[in-house]
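Notes follow once the structure below has been shown.
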Amino acid sequence: MMFDEFLLALAQIRGLLEAHWMEVCVSIFFPIGYYYMRWDTARTAKAKLAENGDSKEADAAARAGLHRTIAAYTVNDDRRGAVRAWRESQASIPSTPETLRVVLSLLLTESPMTLLEEITDHMELHADQLCTPACAFAVLDAAGRAEQPKLLKDLHDVLKLDLGIKPDSAVYEALLAGYAFAGIQEGVERTFAEIREEGISLPDTCYAWIIRAFLQRNMLDAALASTLTIYRADIYFNPAVLSSLVDMASKHGRAPEVYQAIQAVKMPLPMEAIVVLLEDCRGRSNFPLASTLEQTVRLAGLHLPIEAYDPLLHVSIDAKSPHGFVLWQEFQDSGAPITEGLCSSLLRHCASAGWPGFAEQVIAYLRSQEKVTVKLLTQLMKVYVDSGCPNQACDVLAQVHDLRLQPDVAMCRYISKIAQQCGRNQIVEDMAEFLQPGDPNNFDIDLHMLKLAAKEGNVDKVFENFEKYKKNQKGKIDNSVYSRVLDAYIDAGYVNMAQDVMDEVRRNGSCALNTAAYNAMLKGQMAAGDFAGTKTTLDQMISDGIECNEATFSTIIAGVEEKRSSLRLREVMDLFGSLREKGFEINDRAAICITTACGVEEDMCEVQHAMEFLETVGIDLCSDQAVFVSVSAAYQRLQWTESLRELIRTWEQRSAAAAASMQEDWYAAEESCLAEDKCVAEDQTVAEDTHIVEDKYVAEIRARADAKDVDGCRKLCEDLLKEGSALPSSEASASILEALRRNDGA
């Protein structure tokens, strides 16, 4: 029964299928076929993708292997091997950008002539992989880092024009950096123009690099030009670069010039750059520019930074501008710390500018803050001294006492020196109490008191101070001390006391007297007119083996010139003879001293001996007009006619103009010498009249000579010659000539 029902159902199904068999087949087999086709397509694509992936991986592996090979050669410093490996594989393996960078660096040293051709041919051979902005950046960056601006330009032209690589921002960055670090301003400007044409924008940091690159090469003009170009193009860049630019300009001494150029394009300066400019103004004391910068900041509604007050205060002090007081008050009100170092620097500038008023304001602030030190008060003293107020410098000592400060050694030494100059002797004595016995500064104080006592004529106090000094020095006295002690005695005219000091030194042998001590003694003896003592001291100096120097020679000559009216010719000859034994040459000044003494010497034998001495030492008697005049007068007295003629002839040859103006007087003198042998004694009455006339005119001529009236002297001489029946006497002529020579009217 069950089986029959089953067969009936099958028959019914069969009937249905027979009627709709086409639809049933389509419904069953179409989805199966569709999905089969999709599966087959996916399987084929997957196989193809796997095949392509294997090819790219193989290509990448080959490129990486080439790079490692070249790197291995480079590490072993085998540059030729690296180049050879690249050349062998470059036709089949395209290089990576990093490999191109390394290869370019290698070819620069191994084959610079073929570098451009080899690199560009390789890139063209693998154009689909290498003609990209990334590869262009790699080779251009390598050329720029190698500082090869010509190669950089050639590469850029070939890559852009021949290979058709369109530069991007990275390529232009490499170009700008390469030109800038090589210092090629023209290349930078050319690249800027190209960037503007292409309409490409670069990162802000790129422009800052360009300016810094020029600054690193100390190319201030190029950096400034690039800065102005970038600003005119309305491109923003880091303002800190301007600070570097201004700093470089300051180091080159061109800060004002750069500032004017920046202001011409109305470029705003960052505060850091303004501070740098103010520091430059401080170093150069450029107050006008500092004031302009300050006004620029204030007009912009900004507050001055704390760092700006330091240079502004210094330049204001240097210019002694009252605006400095305003700045000083603002600085105090700002609450910024005012250090002792800053105050010390301000006081130093006050001293150099001679502005005690500002220095007093600084000290007043320090006193209000209870920060006054002895060192700062010492600087205040220096401000007063440099400002021409030494007495006010001494008064600073009262502030030291008011503040209950203890003067240090430096202050004691300084104020004692100033007090000596001002005559504030009580301060000098007070300062001596602060100094320990044996302190070197006691030497100056004791000597000052000794000199003061010597000038006052207080001999007891002179000895007291000298003994005090010797006690402080514990008997250790060197040559310089004795020289200064001798100067103190000699300046006061105590030559005998100075001689006692020299004798004391010789007796105790505490030290050997030097040339300076002997020169001081000679100076005092010559001033006192002790010519015998001078000769004795000079002989003692020679016997002691003390070297005579130019100061010795000058001291004696100066003494002889000062005392020539009371000095005998024999004394002059003895002094210069002793000096000549020490090897000193008799110069024109010595010759004038000798011939002047000859003019008043009555012993003609001594005069003759002096003239023979001058001829022996080989002095040029015509080298100086004063020597010539005095020697000719001496020859006239000695009646050395031939010598006088020869002297006049030599003088004429050397100075025709001078001889022409004086030849009448000299020929008259020569004729007088020749006529003396033939003339007879004139009548006594005529002689007396002649002497009366001579005495009248000689007195008048000497008076005119002392008044330096040369023209008046000449006229009186002419009148004397016209009125007298003969030439003036030798004594009258010598007196006239000596007066004229002494007053530079010879």
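No value in this document is a laboratory result; all are computed from the given coordinates. All of these numbers come straight from a predicted model, not from anything done at the bench. Quick reminder, even Gly has a Cβ in these numbers, built from the backbone with ideal geometry, and neighbours come from all protein chains shown.
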Worksheet item: By how many nm would the segment from Thr109 to His609 lengthen if fully extended, with 0.36 nm per residue of separation less the alpha-carbon distance?
Response: 170.9 nm
Fill in: Full-stretch length increase - His126, Ile542 - with 0.36 nm per residue and alpha-carbon distance subtracted
139.6 nm
Worksheet entry | Packing rank of 278-285, 538-545, where each peptide gets the mean count of other beta carbons within 10 Å, highest leading | 278-285, 538-545
Worksheet, complete the sentence: Between Val265 and Lys320, Cβ-based FRET efficiency (R0 35 Å, step 0.05) works out to 0.50
Practice prompt. Rank by packing, highest mean first: peptides 366-372, 215-221, with packing defined as the count of other Cβ atoms within 10 Å averaged across residues.
Written response: 215-221, 366-372
Worksheet, complete the sentence: 1/(1 + (r/R0)^6) with r = Cβ-Cβ of Ala410 and Arg217, R0 = 56 Å, i.e. FRET efficiency to nearest 0.05, evaluates to 0.70
Fill in: Thr205 versus Gln653: modelled label distance in nm, points set 7 Å from Cα along the beta carbon direction
8.9
Item to complete: Over the range 207-284, calculate the relative contact order: mean separation of alpha carbon pairs under 8 Å at least 6 apart, over the residue count, as a percent.
Response: 31
Fill in: Extended-chain gain in nm, criterion 0.36 nm per residue less alpha-carbon gap, Arg284 and Leu302
4.0 nm
Worksheet, complete the sentence: With a Förster distance of 45 angstrom and the Cβ-Cβ distance between Ala240 and Ala134, calculated FRET efficiency to the nearest 0.05 equals 0.90
